[in-house]
Amino acid sequence: MIRSVVRGVGASLPSRLVKNADLAGIVETSDEWIVQRTGIRQRYLASHDETTASLGEAAARAALDHAGLTPADIDLIVLATSTPNNTFPATAVEIQNRLGMHHGFAFDMQAVCSGFVFAVTTADAYLRGGLAKRALVIGAETFSRILDWSDRSTCVLFGDGAGAIVLEAQEGIGTIADRGVLAASLRSDGSHKEKLYVDGGVSTTQTVGHLRMEGREVFKHAVGMITDVIEATFGEAKITADELDWFVPHQANKRIIDASARKLGIADEKVVVTVDQHGNTSAASVPLALSVAVADGRIKKGDLVLLEAMGGGFTWGAVLLRW
Ligand code: UT7
């Protein structure tokens, strides 16, 4: 059977590093509060000349280099983002053009913080269905552009950035010994919209709007939803938590990551944490964390890796893959 195997991973961060203490000059907050409640110590924010497309392009080029491939080898681009350069065309198509590609096809996927998990699952279905051979799956965001910089309960939480992987269709034997995507579960429930949304849009206000979040309410649902969808993924693959090599969760809050890992019985040393360095970069958080853990030598070929995310919608999901 066809498996979607990771050939390469890459990332890109904006040039402007903003520490917690820098934010205390903008809103009434402190390094101590942010670290204690979220684990975040710093984030990178886009300058005027940096956009979702430019960050996504840089991450895509890094992933291609890591894979030893060029844009000519790619025939599908799926970009997970909630902060596109324009309402349309899709920012994925802009990235395709920036890469000098005039073949294949590209589109955006909008599942907020779960976007990368949804995009990997989507690209996997296209590869297994024979519609493409090699896909660039990118998560790229500039959430700084939709933050209300007078709202301390949200503006301290997010950062900008991009991460990408190259997935390639390869022949597998159909067991969990195969490399590639092995199992996935996706969920959404629109009844939670008011807990995390942007208060503007094309068809309603004709404005971009600002992010609004009832943080405590999101927190209350997060651990249960995350662990539920991961247990479904373990069930599909017929594995238990102790068979995992690495857990790469969405990086929103260290307390949510710790509570989820504890509930699932995943040892601390198997959990990849980058929220301290990047803040919450929404759809970019999982591929950014992946790229850090591959670059520092933790994630190696053959390792069993679990990706997870939860965010606006609500949307949530998990992907199990062998690196
Ligand atoms: O990626 C999408 C998914 N999103 C998430 O997973 C986010 C989930 N939620 C969270 O991570 C947490 O709920 C937050 C980090 C957003 C907030 O932490 P919390 O422990 O739930 O705090 P809280 O909202 O209950 O606020 C506690 C206090 C409040 O003051 P009072 O009402 O107790 O006097 C807030 O006004 O902290 C205050 N506060 C702040 N203080 C200093 C809120 N923001 C700040 C701030 N600095 N930046």
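Looking at the range 23-39, is at least one residue within 16 Å of the ligand (Cβ to nearest atom), in the same structural domain as Arg145 (by TED's automatic domain parsing), on the phi > 0 side of the Ramachandran plot and not polar (S, T, N, Q)? So far as the range 23-39 goes, yes, one or more of its residues are within 16 Å of the ligand (Cβ to nearest atom), in the same structural domain as Arg145 (by TED's automatic domain parsing), on the phi > 0 side of the Ramachandran plot and not polar (S, T, N, Q). The criterion of at least 3 residues that are at pLDDT 95 or above and open to solvent by 50 Å² or more (accessible area, probe 1.4 Å) is met by the following helices (runs of 4 or more DSSP H) wholly inside the range 1-80: 31-38, 52-67. Here Met101 meets the list (1) in contact with a helix residue (DSSP H, G or I) (Cβ under 7 Å, 6 or more places away or on another chain); (2) over 25 Å from Ala293 (Cβ atoms); (3) assigned to a helix (DSSP H, G or I); (4) open to solvent by less than 30 Å² (accessible area, probe 1.4 Å) almost entirely, failing just condition (3).
For the range 118-139, the criterion of being in contact with a Gly (Cβ under 8 Å, 6 or more places away or on another chain), open to solvent by 20 Å² or more (accessible area, probe 1.4 Å), within 30 Å of Met101 (Cα to Cα) and within 16 Å of the ligand (Cβ to nearest atom) is met by at least one residue.
Can you tell me which residue in the range 11-53 is farthest from Gly163 (Cα to Cα), limited to those that are touching a Lys or Arg at 6+ places or on another chain (Cβ under 7 Å) and of a type in the set (Gly, Ala, Ser)? Among those residues, the one meeting the criterion is Gly39. The C-beta contact set for the range 147-175 (first residue part of a loop (DSSP other than H, G, I, E, B), second residue of a type in the set (Val, Ile, Thr) and buried (at least 19 other Cβ atoms within 10 Å of the Cβ), distance under 6 angstrom, 6+ apart or interchain) comprises Val156/Ile34; Gly159/Thr281. Within the range 280-323, the set of residues being part of a strand (DSSP E or B) and within 11 Å of the ligand (Cβ to nearest atom) comprises Asn280, Ala309, Met310, Gly311, Thr315, Trp316.
The values are calculated or read from the model by the stated rules, or taken from the named source; none is laboratory data. Fair warning: this is a prediction, and the values are worked out from it, not measured in the lab. When we count neighbours, we look across all protein chains shown, and the Cβ atoms used for this are built from the backbone with ideal geometry, even at glycine. The accessibility values were calculated without ligands, DNA or RNA, using every heavy atom of the protein model including side chains. Shrake-Rupley method; radii C 1.70, N 1.55, O 1.52, S 1.80 Å.
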